[in-house]
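The next block holds one structure in the form of structure tokens; read it before the comments.
The values are calculated or read from the model by the stated rules, or taken from the named source; none is laboratory data. The model shown is predicted, which means the values in this text are computed figures rather than measured ones. Glycine also receives a Cβ, built like all others from the backbone with ideal geometry; neighbour counts cover every protein chain displayed. The protein model used for the area step is the full one, side chains on, heavy atoms only, and it has no ligands, DNA or RNA in it. Shrake-Rupley method; radii C 1.70, N 1.55, O 1.52, S 1.80 Å.
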Amino acid sequence: MPALDSSIICTFLEAGGQPVSGDRLAKDLGVSRVAIWGRLEKLRAAGFVFTASPRKGYILKEVPGVLHPTLLDAHCRRLKVSLPVEYFESVDSTNSEAERQLANGKEAPFIILAQSQTAGRGRLGRKWHSSDKGNIYLSLALRPFILPERLKPFTLWMGLALCRYIDDNLGIKLGLKWPNDILSPDGKKIAGILTEARLDADSVRDLIFGLGLNISPQQDFPSELKTIASSLAHATGDQLDVNSLTAGIIKNIFNSWEEFKENAWVDSFKKDWPRYDILTGKVVTIQLRGEPVTGLVEGIDEVGSLKIKTSDGKSVLISSGEVTLSSER
Ligand code: BTN
């Protein structure tokens, strides 16, 4: 009875730690007290902790520390998230699942979300470590029918939107490493974005925005990632509520997409990119058509290309690539 469970949890979330009586739950939700009691027992078995306070009712004390579809649904309902969210305990890759569903004609927009991925994909054919639970692996699937060149700044805008959301809601300033790396304040990778598009004639038919965000403090990173990857909980030093954070991020990325689609992003992009950008003023090397180009980063242009001044004084605009900071080599 997921809908009833979600309504029960919504009531507890709205109560904000205050007791809720079984009577009130039964009346509000139109079921018997025995039915409520039965559902609370099921939720307890799934990791929710309710304490009973005599004559006052139940208090929600703890929620599961990993993604839980009913709890997530309750948070999405409270935030009025308006697009469908499909949850998987495990999937090969949320981007691949979104791609399959779009190819099968599913109506967009929608979100694919997983507790773990067996074949999480990163940029440039890399793998995205996805076996740890308590993180976010999600894809926003869209069918935008816009011209491909309009997409150029899309990934940068979405990365910026995520940094602003974390800053505003958790008080932690992440860093943006062009084009799509999101770093903790100590320079370790916390999140990555994989945007994939499918063109139809001269317009973008399917667009998938994939986000991997490490949240849980317990990460079982393979040895090659241990020194370069981190998590949000590690950076904030707090235990974070992954379900509430996921609902907020889903709402935020969808709103950010709508701003992008309606061209309502340009001014705040110009204003806010420099607040999170970590490359301007640094010397970097980028592979350009197989050749390394080294230079000083001067910022980005209005469509998100990286501006570099090389040692011979030439200005170069780079539209995609892998950046290595000189200090990282
Ligand atoms: C990168 O930094 O290389 C991008 C990583 C993107 C990972 C996310 S996790 C959710 C979505 N599904 C995938 O298979 N990849 C993206």
request  = Say whether the condition of being part of a strand (DSSP E or B), assigned by TED's automatic domain parsing to the domain that holds V85, open to solvent by less than 60 Å² (accessible area, probe 1.4 Å) and not hydroxyl-bearing (S, T, Y) is met by at least one residue in region 152-159.
outcome  = no
task = Please work out which residue is nearest to the ligand (Cβ to nearest atom), limiting yourself to region 118-143 and to residues that are open to solvent by 20 Å² or more (accessible area, probe 1.4 Å) and of a type outside the set (D, E, K, R).
result = W128
task = Go through region 276-291 and count every residue that is modelled with pLDDT under 90 and open to solvent by 60 Å² or more (accessible area, probe 1.4 Å).
result = 4
query = Somewhere in region 233-243, is a residue free of Cβ contacts under 8 Å to residues at least 12 places away in the same chain and either within 13 Å of the ligand (Cβ to nearest atom) or of a type in the set (S, T, N, Q) (or both)?
reply = no
query = Just checking, how many residues over region 215-230 are in contact (Cβ under 8 Å) with a residue 60 or more places away in the chain and open to solvent by 10 Å² or more (accessible area, probe 1.4 Å)?
reply = 8
inquiry  = I'd like to check something: does region 85-99 contain any residue that is more than 16 Å from the ligand (Cβ to nearest atom), open to solvent by 70 Å² or more (accessible area, probe 1.4 Å) and either in contact (Cβ under 8 Å) with a residue 12 or more places away in the chain or within 23 Å of W257 (Cβ to Cβ) (or both)?
reply    = no
ask   = Within the set of pairs 6 or more residues apart or between chains, which connect a residue that is under 19 Å from D186 (Cβ atoms) inside region 260-288 to a residue that is at pLDDT 95 or above and in a loop (DSSP other than H, G, I, E, B) with Cβ atoms less than 6 Å apart?
value = L279/W178
message = Condition (residue is of a type in the set (G, A, S), more than 19 Å from N135 (Cβ to Cβ), surrounded by 14 or more Cβ atoms within 10 Å (Cβ to Cβ) and not assigned by TED's automatic domain parsing to the domain that holds L245) applied to region 58-80: is it met by at least one residue?
response = no
note = Within region 150-200, the residues that are within 15 Å of the ligand (Cβ to nearest atom), in contact with a helix residue (DSSP H, G or I) (Cβ under 9 Å, 6 or more places away or on another chain) and of a type in the set (V, I, T) are I182, I190, I193, T195
ask   = For residues in region 34-49 being without any contact (Cβ under 8 Å) to a residue 12 or more places away in the chain and under 35 Å from the mean Cα position of the chain (by Cα), which is farthest from V20 (Cα to Cα)?
value = A45
message = Which count do you get for residues in region 169-187 that are in contact with a strand residue (DSSP E or B) (Cβ under 6 Å, 6 or more places away or on another chain) and of a type outside the set (S, T, N, Q)?
response = 8
